[in-house]
Amino acid sequence: MARKFDGVLNQVISAVVALPATAISIHLWYKNTSAPNTTDSDSPFSWRQSDGIVFKWDALFGQEQTWRWKISAGFVNLKYITALGANTWYGLGYTNDNTTARIYLNGVEDANSANGVPVDAGSAKIVLGAGGDAFEQDDGTSCRLGAWNVALSASEMRALGSGVSPIRVRPTSLVVWWEAFGGTAEPDFSGQGLNGTVTGTTIADHGPIAPAFGFDQWVLSTASQTLTKPLSLDAIVQSSRTLTGSLSAAVMRNMTANLNLDAAAQAARLLLTSLAGAVQATGTDTASLDAAVQIARSLVASLNTAILASRTLTASIDANVQATLTKIANLDAAIQSTRTLSATLDAGVSLSSTMAVSLDTLIALTRTLSARLDACILATLSLTLSLDASIKAAPLIIEASSDRTYQVGARNVYVVERGSATLLPDGRTYVVPADDRTH
């Protein structure tokens, strides 16, 4: 899918993020129902506020179909040499290696500039469908935006221009990857968490539609699953750690309660000792004092029971904390395994691409061999026809006691006597050896 913008309010915008200071690459797919003109201002992509970089489809002053970026000395414009037209999907690419800026069209370098680099570093929001936050709104259709903090090579830009997913081109250097599937939010599949906030837009067919490069669906079958799993596991781990913090706080509260109960028990014991001393000292009204002593003893017993129960609860909470910590360790291991799987899948994708090239070579060799076999078959058929013609033209000679001639179809059959010489009608003389039996 792709996002269609209305040219009025629609846009997808990120949080503020720093522009790479030394090198940058950008690639997106774009289509507009109108060819670029100089009477309007439409910008399908921007990463700027007062500075930064923007691609202009329509622009005043001859700046249409142009990448424009800010340097300390001012703005630099690099325009596509190839004229861009209406109702056509284009792979639009930009790289800047701090020495030369290059712009690409469908994976092929179209123009370059040795002036006005590097991009003037700063922080800004990445915007799809506008030239900034709520200005120069675009009315085209966009999808599969990728931005990197390195300058991609010509072969990498060619891969992107043939429909390869951004995650398969230097994934560790990706700053953002918006596939533009549609929906109320635009997820960042790069793993950097730079999700886009969506204003409006409608769902359109995913490009490119023409020319039909055939986008790979790796993002659907692999990337979304592989990237989502670690994110989900991270969320579970974070929740588990929050739970551990709560349990730890509960343990601390129970320990405090234990200390309070211990203090109360100690106070009760002191009271009991004081009451016992009073009984011995006075020797009078012992019934009242004995009752007080009994009450104190009951209080001590109750406090001891409470202490035991609290310690049992503390031990249970400690066990829960330990179990949660074990789960966190297991989840961390699962995250590592999933990330290892992601790396393995990336390697598998790369190997598959290599195998595809080898298979193409094998197919070409097989086709060459098939052509040669066809030639051999034709030659064999031709030889067979020639032999058949020779056989039909040759006489058939059969040994007998006397010479006779028979007609078999269109062929003459000659019967000759063993050990004799026979003159055939075509002028040849055939001598039959005495020990020969079939001719």
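The values are calculated or read from the model by the stated rules, or taken from the named source; none is laboratory data. Fair warning: this is a prediction, and the values are worked out from it, not measured in the lab. A quick note on method: Cβ atoms are made from the backbone with ideal geometry, for glycine too, and the neighbour counts reach across all protein chains shown.
Exactly one residue out of GLY91, GLY7 is touching a strand residue (DSSP E or B) at 6+ places or on another chain (Cβ under 7 Å) and at pLDDT 95 or above, and it is GLY91.
Conditions tested, residue by residue: (1) among the aliphatic types (A, V, I, L, M); (2) over 16 Å from ALA18 (Cα atoms); (3) buried (at least 20 other Cβ atoms within 10 Å of the Cβ).
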| residue | (1), (2), (3) |
| --- | --- |
| ASP40 | no, yes, no |
| TRP57 | no, yes, yes |
| SER72 | no, yes, no |
| ALA83 | yes, yes, no |
| ALA101 | yes, yes, yes |
| GLU109 | no, yes, no |
| VAL127 | yes, no, yes |
| GLY131 | no, yes, yes |
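Okay, residues lined up against (1) within 17 Å of SER25 (Cβ to Cβ); (2) in contact (Cβ under 8 Å) with a residue 40 or more places away in the chain; (3) β-branched (Val, Ile, Thr):
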residue	(1), (2), (3)
GLU109	yes, yes, no
SER113	yes, no, no
ALA134	no, yes, no
GLY140	no, yes, no
THR172	yes, no, yes
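When you scan the stretch 45-63, how many residues do you find that are in a loop (DSSP other than H, G, I, E, B) and closer than 19 Å to SER123 by Cα? Break it down into steps so the answer makes sense when it comes.
Step one: of the stretch 45-63, the residues in a loop (DSSP other than H, G, I, E, B) are 49-51, 57, 59-63.
Then drop every residue that is not closer than 19 Å to SER123 by Cα, which leaves 49-51.
Of the residues in that region, 3 qualify.
Any residue in the stretch 62-79 that is under 23 Å from PRO187 (Cα atoms) and modelled with pLDDT of 90 or more? Even if it seems obvious, please write down each step before you answer.
If we filter the stretch 62-79 for residues that are under 23 Å from PRO187 (Cα atoms), which is where we start, we get none.
No, the stretch 62-79 contains no residue that is under 23 Å from PRO187 (Cα atoms) and modelled with pLDDT of 90 or more.
Only one of (1) touching a residue at least 40 places away in the same chain (Cβ under 8 Å); (2) out of contact with any helix residue (DSSP H, G or I) (no Cβ under 7 Å at 6 or more places or on another chain); (3) part of a helix (DSSP H, G or I) fails for VAL176. Which number is that? Condition not satisfied by VAL176: (3).
Taking the stretch 186-217 only, how many residues are at pLDDT below 90, outside any loop (DSSP other than H, G, I, E, B) and buried (at least 18 other Cβ atoms within 10 Å of the Cβ)? Residues flagged as at pLDDT below 90, outside any loop (DSSP other than H, G, I, E, B) and buried (at least 18 other Cβ atoms within 10 Å of the Cβ) within the stretch 186-217 amount to 1. Any residue in the stretch 21-31 that is crowded, with 21+ Cβ neighbours inside 10 Å, within 25 Å of VAL198 (Cβ to Cβ) and in contact with a Lys or Arg (Cβ under 7 Å, 6 or more places away or on another chain)? Yes.
All of (1) modelled with pLDDT of 95 or more; (2) part of a loop (DSSP other than H, G, I, E, B) hold for ASN115 with one exception: (1).
Residues that are within 12 Å of the chain's Cα centre (by Cα) and in a helix (DSSP H, G or I) within the stretch 133-171 comprise PRO166, ILE167, ARG168, PRO171, listed in sequence order.
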